[in-house]
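To start, the structure under review is shown below, and the notes come after it.
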Amino acid sequence: MSEFLVCPFTETILSAISGRSVVFRVENIEDLRGIRPHANEYSIHIHCIVFTTPTLTAFPLDTIDSDLPIALHASCLGSFPSLLRMLPALRHSNLRVYLPMTHADRFSELRILSSLGIHTAGVFCSDTEDWERVTDLMTYALLGRAPHAPIFPFQYLATRYHPQTRRNWTAVYFDDPATYVHVDAEGHLAFQLEEMKREQFLDLDFSRSGDLTQHPDFLVWQERWKSHFLQNDLCSRCPGWRACSGLFASQCDDGGCRSFFSEFLDCVEQYQARTYPSIGREEIWQP
Ligand code: SF4
């Protein structure tokens, strides 16, 4: 069974997920304020809460428990004076700010927040990425000399990447079937959010789902990467394959993703050499 459930916060689902670790998708602020007593009542471990606010500064942070783990999605930062007023609380919160990487201003806002010590994540727009700006942001995130907070997903992958393994960063968005499984209010299951939205549910009842890693759809997902090599497509010859696994295959014709991931791996190498000075010494004998 995947370790974490991702589900909407509704009181009707709580008894069915009792004792589990959960990522709740919360729709309104009253539910967010009252979520902890409900979770405690059903022995649910809150792994994270996904909440969407129009702007970061519109989020009523002062009325929320500061230690609640929140992935806060905002369409933009909001007014700068308001941000400065909420900054001390933001710095002491357990919150990461997710902004869409759709416009030059959002890239600037991600940098500003990071430089102010706020953990952030950029959200890809899923059709056509601005790879030049993504590359600038990634370089700042991994190699920027000025002190700044981590910017995900770059930080996530840079700290986990190893040249001998294949990794990607979908877990940053709670969408990695190896770790997360999505459940809706009716108990339908899906391995990924897009499948859930399209109502492509697993043919399983949640209460009798058992070990999902043995489910045929999970095994199909695990093997999906091989299709790139069977078809001998662009991804199969991409230098960034180990960090991407074809995540952007639908838009790889212009080579933007390929250039980005090549640059990314160079930066990861420098980042790891700086962060872990002992890397590269393993060939000398170890006890
Ligand atoms: S970077 Fe682009 S070409 Fe390379 S593996 Fe990813 S999607 Fe495929």
Evaluation of LEU230 against (1) within 14 Å of the ligand (Cβ to nearest atom); (2) free of Cβ contacts under 8 Å to residues at least 12 places away in the same chain (one fails), failing number: (1)
Evaluation of ASN168 against (1) modelled with pLDDT under 90; (2) more than 24 Å from THR135 (Cα to Cα); (3) in contact with a Ser or Thr (Cβ under 8 Å, 6 or more places away or on another chain) (one fails), failing number: (2)
Subset of the range 248-258 that is outside any helix (DSSP H, G or I) and within 6 Å of the ligand (Cβ to nearest atom) - its residue that is modelled with the highest pLDDT: PHE248
Any pair with Cβ under 8 angstrom, 6 or more apart, that starts in the range 233-250 at a residue that is in contact (Cβ under 8 Å) with a residue 12 or more places away in the chain and ends at one that is charged (D, E, K, R) and within 6 Å of the ligand (Cβ to nearest atom): LEU234/ARG258; CYS238/ARG258; PRO239/ARG258; GLY240/ARG258
Hey, TYR98 outside any loop (DSSP other than H, G, I, E, B), modelled with pLDDT of 95 or more and more than 14 Å from the chain's Cα centre (by Cα) or not: no
Those residues of the range 32-69 which are in contact (Cβ under 8 Å) with a residue 24 or more places away in the chain, of a type in the set (S, T, N, Q) and in a helix (DSSP H, G or I), in sequence order: THR57, THR63
Residue count for the range 221-241, restricted to those that are at pLDDT below 90 and within 22 Å of the chain's Cα centre (by Cα): 5
Residue match in the range 35-44 (condition: at pLDDT 95 or above, of a type in the set (A, V, I, L, M), within 23 Å of LEU83 (Cβ to Cβ) and touching a strand residue (DSSP E or B) at 6+ places or on another chain (Cβ under 6 Å)): no
Entirely in the range 168-237, the helices (runs of 4 or more DSSP H) that have 2 or more residues that are in contact with a Pro (Cβ under 8 Å, 6 or more places away or on another chain): 216-223
Candidate set: the range 144-167, residues that are among the polar types (S, T, N, Q) and not in a helix (DSSP H, G or I); chosen: the one surrounded by the fewest Cβ atoms within 10 Å (Cβ to Cβ): GLN164
THR128 being at pLDDT below 95 and within 20 Å of PHE264 (Cα to Cα): yes
Residues of the range 1-26 satisfying the condition of being modelled with pLDDT under 95, within 16 Å of ALA185 (Cα to Cα) and not in a strand (DSSP E or B): THR10, GLU11, THR12, ILE13, LEU14, SER15, ALA16, ILE17, SER18, ARG20
Some residue of the range 26-39 being over 14 Å from PRO69 (Cβ atoms) and surrounded by 18 or more Cβ atoms within 10 Å (Cβ to Cβ): no
Residue within the range 260-269 that is within 16 Å of the ligand (Cβ to nearest atom) and farther than 30 Å from THR139 by Cβ present: no
Selection within the range 201-227 - surrounded by 13 or more Cβ atoms within 10 Å (Cβ to Cβ), over 21 Å from VAL22 (Cα atoms) and away from the ligand (no atom under 16 Å from the Cβ): ASP217, TRP221
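The values are calculated or read from the model by the stated rules, or taken from the named source; none is laboratory data. From a predicted model like this one, the values you see are computed outputs, not experimental measurements. When we count neighbours, we look across all protein chains shown, and the Cβ atoms used for this are built from the backbone with ideal geometry, even at glycine.
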